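First the structure, in the form of structure tokens, and then the observations on it.
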Amino acid sequence: MSSKQVDDQLRKIGETIKKMADPDIFVWLGRGKKPPSTLERYRAATIVADRLCGAVANPIIRNAQEKRQLTAIGSWLDAKGYEPAQDGTTYDRMRPGTYSFRLIVPVDQEGSNRKINIPVDAVVMPKAAEPGDFPLLLEAKSAGDFTNVNKRRKEEAAKMGQLRHTHGDNVRFNLFLCGYFDSGYLGYEAAEGIDWVWEHRIDDLAGFGL
């Protein structure tokens with residue numbers, strides 16, 4: 001690039017950053033030529049660093065919590081006489097009294113002839129299941145605050161809709177919850193026919209016929 005092109009492109013990048021920058025954090029933007037003070041720079045840098053740390057750490061924490069939740073489900077099922085399904089067993093070939101983690105359940109994509117795969121955290125075939133019965137599906141969810149759960153509540157509802165569309169109204173897709181889930185989130189899921197069990201009340205899993 002010529003030096004003029006470089007300047008033009010850098011100016012465009014700067015304009016984009018200024019438009020996206022939060023004026024409550026970068027308080028010196030839009031106030032004229034008065035430069036930011038040392039305190040203002042420090043405050044802005046601290047807020048940005050905190051948000052960056054959260055963005056990096058939150059997925060790590062969620063993955064660790066999910067692993068703990070699945071371990072808790074497995075231990076509970078083992079104590080009830082259930083056994084892990086053999087490696088490679090699909091959701092529709094599970095024997096009664098077995099369970100599997102992170103199993104794929106295929107569903108039809110509405111409006112097309114394509115199939116998509118839905119990963120399910122825990123799939124359990126109850127001991128009393130009859131041939132052809134659909135297994136119980138459990139999704140492990142954890143939340144450290146109320147903010148993000150209401151943004152994510154449609155994810156479970158969409159999964160439930162796809163599962164019912166493909167496998168019928170008898171599909172049981174439920175949640176295993178830990179953390180901050182308020183009445184708004186729970187009411188939304190209940191309206192979609194999704195039930196839940198709290199991790200600290202894990203024995204409520206028996207209410208699903210396990």
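Going through 83, 110 one at a time, which residue ends up being free of Cβ contacts under 8 Å to residues at least 40 places away in the same chain and either surrounded by 14 or more Cβ atoms within 10 Å (Cβ to Cβ) or under 30 Å from residue 171 (Cα atoms) (or both)? Steps first, answer last, please.
Details: 110 fails: free of Cβ contacts under 8 Å to residues at least 40 places away in the same chain.
Going through 83, 110 in turn, just one is free of Cβ contacts under 8 Å to residues at least 40 places away in the same chain and either surrounded by 14 or more Cβ atoms within 10 Å (Cβ to Cβ) or under 30 Å from residue 171 (Cα atoms) (or both): 83.
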So which pairs qualify, if the first residue must be in the stretch 180-192 and over 20 Å from residue 169 (Cα atoms), the second must be outside any helix (DSSP H, G or I) and not aliphatic (A, V, I, L, M), the Cβ gap must be under 6 Å, and the two must be at least 6 apart or on different chains?
180/145; 180/146; 182/146
Is it fair to say residue 174 is in a strand (DSSP E or B) and polar (S, T, N, Q)?
yes
Here is a list: 78, 7, 50, 92. Which entry is open to solvent by 70 Å² or more (accessible area, probe 1.4 Å), of a type in the set (Asp, Glu), under 30 Å from residue 202 (Cα atoms) and at pLDDT 90 or above?
78
Cross-chain or 6+ apart pairs with Cβ under 7 Å, the stretch 9-36 first and within 19 Å of residue 47 (Cα to Cα), then among the β-branched types (Val, Ile, Thr)
25/47
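In this structure, is residue 122 assigned to a strand (DSSP E or B), under 30 Å from residue 166 (Cα atoms) and of a type in the set (Gly, Ala, Ser)?
On the way: assigned to a strand (DSSP E or B): yes; under 30 Å from residue 166 (Cα atoms): yes; of a type in the set (Gly, Ala, Ser): yes.
Yes.
How many residues are of a type in the set (A, V, I, L, M), part of a loop (DSSP other than H, G, I, E, B) and out of contact with any helix residue (DSSP H, G or I) (no Cβ under 7 Å at 6 or more places or on another chain) when one looks only at the stretch 1-28?
Counting residues in the stretch 1-28 that are of a type in the set (A, V, I, L, M), part of a loop (DSSP other than H, G, I, E, B) and out of contact with any helix residue (DSSP H, G or I) (no Cβ under 7 Å at 6 or more places or on another chain) gives 2.
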Over the stretch 175-210, the set of residues within 18 Å of the chain's Cα centre (by Cα) and among the hydrophobic types (A, V, I, L, M, F, W, C) is 175, 176, 177, 178, 181, 186, 190, 194, 196, 197, 198
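The values are calculated or read from the model by the stated rules, or taken from the named source; none is laboratory data. Model, not experiment: these values are computed from the prediction. Note: ideal-geometry Cβ built from the backbone for every residue, glycine included; neighbour counts use all protein chains shown. All accessible areas refer to the heavy atoms of the entire protein, side chains included, with ligands and DNA or RNA removed. Shrake-Rupley method; radii C 1.70, N 1.55, O 1.52, S 1.80 Å.
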